[in-house]
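See structure below.
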Protein chains: 2
Amino acid sequence: MEKAKFKERTTKVLKSYLPILQWGPQYNKKTFFNDLMVAVIVTMMLIPQSLAYALLAGLPPEVGLYASMAPLILYAIFGTSRSLAVGPVAVASLMTAAAAGQLASQGTEEYYGAAIALALVSGLLLAAMGFLKLGFLANFLSHPVISGFITASGLQIAAGQLGPVLGIHAEGESFLEIVISLVKSISSVHWITAAIGIGSLVFLFAVRSGLKPLLLRLKIGPKVADIIVKIGPVAAIVVTILLVWGLGLNDKGVRIVGKVPEGLPKITMPPLDFELWLKILVPALLISIVGYVESISVALTLAAKKRQRVDPDQELIALGAANIGSAVSGGFPVTGGFSRSVVNFDAGAETPAAGVFTAVGIGLTTLFLTRLLFFLPNAVLAATIIVAVLSLVDFHALKVTWSYSKADFAAMLATIVITLIEGIEPGLITGVTLSIFLHLYKTSRPHVATVGQIPGTETFRNVKRHKVVTDPHILSLRVDESLYFPNARFLEDLINDKVSGNPDIQHVILECPAVNDIDYSALESLEAINSRLKDGGIDLHLTEVKGPIMDRLEKSHFLKELTGKVHLRHYDAIASINPDLALTTRKRKSHLEPLSE
Amino acid sequence: MEKAKFKERTTKVLKSYLPILQWGPQYNKKTFFNDLMVAVIVTMMLIPQSLAYALLAGLPPEVGLYASMAPLILYAIFGTSRSLAVGPVAVASLMTAAAAGQLASQGTEEYYGAAIALALVSGLLLAAMGFLKLGFLANFLSHPVISGFITASGLQIAAGQLGPVLGIHAEGESFLEIVISLVKSISSVHWITAAIGIGSLVFLFAVRSGLKPLLLRLKIGPKVADIIVKIGPVAAIVVTILLVWGLGLNDKGVRIVGKVPEGLPKITMPPLDFELWLKILVPALLISIVGYVESISVALTLAAKKRQRVDPDQELIALGAANIGSAVSGGFPVTGGFSRSVVNFDAGAETPAAGVFTAVGIGLTTLFLTRLLFFLPNAVLAATIIVAVLSLVDFHALKVTWSYSKADFAAMLATIVITLIEGIEPGLITGVTLSIFLHLYKTSRPHVATVGQIPGTETFRNVKRHKVVTDPHILSLRVDESLYFPNARFLEDLINDKVSGNPDIQHVILECPAVNDIDYSALESLEAINSRLKDGGIDLHLTEVKGPIMDRLEKSHFLKELTGKVHLRHYDAIASINPDLALTTRKRKSHLEPLSE
């Protein structure tokens, strides 16, 4: 009996940490063929992306392929989303380049080691956050900050790829630096490269915007049309490879991918260099969090369409495993990608096994197809990146945010501007800091309404918005915010202000239906308010205090020292102080002051 | 007519920025003699304090006297408190020593220059915060953090003064370093110095704890007794000066104050070295804020006793002026001191003119009495500091805070521990960061209750706390927190969780009476929730949304896309979805599921 229970519990825990145990047993022939078909499509989409993002990260192209095998398999084992496709993505690749570039120069062993270490430390951080249920840390990246950051990163990536597209050298750690570098070297454009690059750009934009309507007119289903559009880059790659090979353009100065080592990645121990780990801790954390935020929002969106469940903490563990797997197989940081996951979903992926088959597809590529990539011009890969990232750039969000909230707009704008000028890390850190600061600022000056009784009811409302009755001896205030340290002194000042000029007041009543917390600073402020009011001969009362807050107040001395009482309802407080006023608000008495506007 | 109005407005603005114009015209002979008497008492208390705090700040003793003249006069002009006494205080002096010590070694011109620059930059920062109404910045120092910081600073100051008391050399930038240094040099105690130092300590503690009861038994009024206790140190100073002079102890190795330059401070331009200003910006900001927090809480407490008004923003300007005044007259950072302000108040100071007279008293001291201080042993000044600061140490607060809030306790403990081990700045910064983080953490996991209808009412309550009726097709959730970026995703996850396993649900209703804000991140989360629920065939409704939030939601697309409706009351939402349930909760129907516990 005991044993059976233990087994049951163990199975439950195992299933929660290894979601594969949930879907694995139900796997059958139908799902197998379905997933296989999906894998073929995603593999074709992933090959050029993997190569391109590896180059974007400043790494040899095969590293992109390495990062698209182990991570997919590990995600299939640990991940809770049925549709998420992990692998190298644009923003994480840019962040990798920025972080590794601060430690070594591109092309060196140290640089590659730093990229691997970034994947490893990111993976460990993600897994640790998952086990410790620290997923909320990702919440500190507010939507406006992440959206601004991605827009700015997209611009920086696109600007950086204009160099390879035009065959010129341009570099820098921010959009601004890259643009300056581009302008300086614009005279040395390599025209053959530029022809290939710009040609590819035009083709890819055309595929993206014009191909789908065309296919639809040809009576091809919208989902299939979407998939054809997504694997369009393969056509550009095939054509340009043939072009370079046929015309010998590589001898005329067109930079090509060259020899890509064949074979599967070797499982290697990533560098166990703790000093290095410490140096990359902050960038690794930022990569983890940005990657996680992107990934989880894609996963939740796709899961909701089928009422499937995604467990955010388990997702951290899965992405952690994927990144650790990437590190030990010679890859760099990976996360769930938006467009490839949508393709996965639209193509009908039923289980994460589709990811495993995709990994097999990429594996076959590294075994047998890398020699075909020899003549692939870098300009085409750069063009595919530009087309992909420009869809990330969203200036319209600035306008929408502005109309909804000036504070959020400010955080977004600051993130964009600082990222464009100073680079990735300063931009992101500025955004996070500013959004926290603006929140604290907002709550530091909460909305406080003086309230009065609506005649004929037991309801109290803002004297400025409603026709209400008040008593000159009673000051009723409703605080529309939790009371905590940023606004604790505000309340002291406010009451000092309201009371100091008004000798009539004998009672101050705080109505607290929207006070969700009273921290120790606010408690001390309430004690100070109470004792100062007492010195002035005024009683302090509280009403509509929430249960959990009341529980805590009872542990403090405050309630013992409180000159007035705590009433369940505001009406009860008024009724106990001035029964006449409370009961007869229908017939106004002469001593009542009607306040309205 | 226009001219009169203009004059009236100008006068009003002038009076708000120059409070002296409010009380000055009513000044008369009675208040004059009253203030004069107060000034004599405060002067006697301030002389040893000024000398001691200058030494604590690592400066020559006369600098303490300089810092007790101009600032008092300027505060009298600009300050809004009738009782606050400004001047050098213990914690600000320690902070000055820590900041200046990082730029130069004590005794050098550069060190003195840095102290003056600290006063100047603090003054400018305070004044700027006042004019820009940025007083809320001080709120980021939560009560537990400031209380922990002052306890740790008090311990560090006391430890540091044990050196002079025992005649040994001990130094360090934190309590821990000082204690280690003390232990190392304990064998070289100078016994005559130690006799004077420890004797003074015992005497001063006796005055503090035993004199008042004695005086009360001698039928001396409690207020007078308090004042006698406060000027007790003067007796220790007079006796030890005579002792050193009479026995020639300075020739036997007892360190004395020595020659204190006579005469008033010269008005000098403080160093206009912007590089230096930039270096001291952070310490100057911390000194300003810590000083302001201390000062404003004393001012508010004393003002409340007489229902007087204190204007926090004007106080910033006044303290700013006081510090700038201190800088141009060769002083160091000053603020409102607790004990001297209480003496001021208890002795009956009626106007800030008492401060001006105190400044005159200190001025007369520097003109005629400094030669009397020649034989004053440093050990006595150190002893007065120890006695003063040990009253700042409050470990009991840890216990009280623990019982009220674990988060606040953690912030307090971290501030104390880090300050003791690492020093002042790291301690304060850790405390502020941690308290902000803990707040964000708390609000990132808000209390969300599933609610049901209390039978026979229109009221909805937590299903876990009350006997309520619910409908299996309706999920009613009450969110007890503002919705903003730290908890935006939490709500997405929560609803994903509640809905994913439950095919019956057709409606999700969010009750929002305690939602004081919905920022842009939360808006996007709500949009995501709405569209995901829509994909699953579920309608989303909102109820009891506050006016200001509704105003903003109306500016967004959210309401257009919302699958359900926004109802004023939760009851209305239930009534519109399931009129049967809403109306007939008295007679339960078979399809209703009673939930209670």
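Which residues, taken from region A:536-568, are closer than 27 Å to residue A:500 by Cα, outside any helix (DSSP H, G or I) and not aliphatic (A, V, I, L, M)?
If the condition is that a residue be closer than 27 Å to residue A:500 by Cα, outside any helix (DSSP H, G or I) and not aliphatic (A, V, I, L, M), then A:536, A:537, A:539, A:541, A:543, A:544, A:557, A:563, A:564, A:565, A:567 are the ones that fit.
Can you tell me which residue is nearest to the other protein chains (Cβ to nearest Cβ) among those in region B:500-509 that are under 20 Å from residue B:461 (Cα atoms) and over 46 Å from the mean Cα position of the chain (by Cα)?
B:505
What are the residue pairs meeting all of these: first residue in region A:511-538, first residue more than 9 Å from every other protein chain (Cβ to nearest Cβ) and open to solvent by less than 10 Å² (accessible area, probe 1.4 Å), second residue among the acidic types (Asp, Glu) and outside any helix (DSSP H, G or I), Cβ atoms under 6 Å, and 6 or more apart or on different chains?
A:512/A:544
Any idea which of (1) away from every other protein chain (no Cβ under 12 Å); (2) out of contact with any strand residue (DSSP E or B) (no Cβ under 7 Å at 6 or more places or on another chain); (3) buried (at least 20 other Cβ atoms within 10 Å of the Cβ) is the one residue B:369 doesn't satisfy?
Exception for residue B:369: condition (3).
Considering only region A:463-498, how many residues are of a type outside the set (S, T, N, Q), open to solvent by less than 10 Å² (accessible area, probe 1.4 Å) and more than 14 Å from chain B (Cβ to nearest Cβ)?
3
Which one of B:256, B:196, B:227 is touching a residue at least 40 places away in the same chain (Cβ under 8 Å) and open to solvent by 30 Å² or more (accessible area, probe 1.4 Å)?
Residue meeting the stated conditions: B:256.
Just need a number here: residues in region B:390-428 that are within 17 Å of residue B:156 (Cα to Cα), open to solvent by 50 Å² or more (accessible area, probe 1.4 Å), within 14 Å of chain A (Cβ to nearest Cβ) and assigned to a helix (DSSP H, G or I).
Of the residues in region B:390-428, 1 are within 17 Å of residue B:156 (Cα to Cα), open to solvent by 50 Å² or more (accessible area, probe 1.4 Å), within 14 Å of chain A (Cβ to nearest Cβ) and assigned to a helix (DSSP H, G or I).
Which of the residues that make up region B:429-457 are over 30 Å from residue B:470 (Cα atoms) and within 14 Å of chain A (Cβ to nearest Cβ)?
B:429, B:431, B:432, B:433, B:434, B:435, B:436, B:437, B:438, B:439, B:440, B:441
Quickly run through region B:190-212 and pick out the residues that are farther than 19 Å from residue B:339 by Cα and at pLDDT below 90.
If the condition is that a residue be farther than 19 Å from residue B:339 by Cα and at pLDDT below 90, then no residue fits.
Answer yes or no as to whether residue A:264 is modelled with pLDDT under 90, of a type in the set (A, V, I, L, M), surrounded by fewer than 19 Cβ atoms within 10 Å (Cβ to Cβ) and touching a Gly at 6+ places or on another chain (Cβ under 9 Å).
Criteria met by residue A:264.
Mind counting the residues in region B:61-105 that are assigned to a loop (DSSP other than H, G, I, E, B) and either open to solvent by 10 Å² or more (accessible area, probe 1.4 Å) or out of contact with any Leu (no Cβ under 6 Å at 6 or more places or on another chain) (or both)?
Counting residues in region B:61-105 that are assigned to a loop (DSSP other than H, G, I, E, B) and either open to solvent by 10 Å² or more (accessible area, probe 1.4 Å) or out of contact with any Leu (no Cβ under 6 Å at 6 or more places or on another chain) (or both) gives 14.
Of everything in region A:539-556, what is surrounded by fewer than 17 Cβ atoms within 10 Å (Cβ to Cβ), at the interface with chain B (Cβ under 9 Å from one of its Cβ atoms) and not basic (Lys, Arg)? Give them in sequence order.
A:547, A:548
Out of curiosity, is residue A:108 of a type in the set (Ser, Thr, Tyr) and out of contact with any Leu (no Cβ under 8 Å at 6 or more places or on another chain)?
The answer is yes for residue A:108.
Which helices (runs of 4 or more DSSP H) sit wholly inside region B:244-331 and have at least 2 residues that are away from chain A (no Cβ under 14 Å), on the phi < 0 side of the Ramachandran plot and among the polar types (S, T, N, Q)?
The helices (runs of 4 or more DSSP H) meeting that bar are B:312-328.
I'm trying to understand the selection: among the residues of region B:20-58, which are in contact with a Phe, Trp or Tyr (Cβ under 7 Å, 6 or more places away or on another chain), open to solvent by less than 30 Å² (accessible area, probe 1.4 Å) and of a type outside the set (D, E, K, R)?
Across region B:20-58, the qualifying residues are B:39, B:57, B:58.
The values are calculated or read from the model by the stated rules, or taken from the named source; none is laboratory data. What you are looking at is a predicted structure, and each value in this text was computed from that prediction instead of being measured. Note: ideal-geometry Cβ built from the backbone for every residue, glycine included; neighbour counts use all protein chains shown. Just the protein is used for accessible areas: all its heavy atoms, side chains included, with ligands, DNA and RNA removed. Shrake-Rupley method; radii C 1.70, N 1.55, O 1.52, S 1.80 Å.
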